[in-house]
Amino acid sequence: MTLRIALIFVLTMLAHAASSQITGIKLGSAGFDRTQPVEVTADALFLDQESGSATFDGNVLVLQDTLRLSAGRVLVEYSEEGLGANGIARLIASGGVTFVTTNEAVEAREAAYSVAGAELQFSGDVLLTQGPNSISGDRLTINLETGSGRMEGNVRTIFNPRGGNQ
């Protein structure tokens, strides 16, 4: 039950990230309802009291309202200092990550969310799409406090001024 509450908090923070500005592209769904239940499915769940972590492994899918996060593995790291919701320090998704809202998607090899730093980082062949527009690069960092974002490393942007109607 504690893990479920922790995941609700993390997804709420991810939802906040979804309303951030990233190099002029708004990422997120304005109609997202943060009070909706969170559903997590995976092939397995491993709890490690010694290291203070929990791992959802294999075909992980996290759903809340209009948000969807899928990955091969999601690791939840807890902090001894009790930072964040239920002591969560970081959430790390790996094995091919897809973060989808109603109108956008971010794909990357990995993603990490720092509770204390209020920062969401995607790394490894990052692709952000919004309709016909896209931005790709090596790393995408979103500051959840300020709503700012930064794409770095081999950045390529495609903006379609016609909105896909050619």
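Report the paramagnetic label zone for Ser79: residues of the range 116-146 whose backbone N is under 17 Å from a point 7 Å from Cα along the Cα-to-Cβ axis.
Counting only backbone N, you get 116-121, 143-146.
Residues of the range 114-134 with amide nitrogen under 15 Å from the 7 Å Cα-to-Cβ point of Phe159?
The answer is 130-134, whose backbone nitrogens lie closer than 15 Å to the label point.
All of the numbers you see were taken from the coordinates with simple rules; none came from a lab. This one's a predicted model, so the numbers in the text were calculated from it and none came from an experiment. Note that each Cβ is placed from the backbone with ideal geometry, even for glycine, and that neighbours are counted across all protein chains shown.
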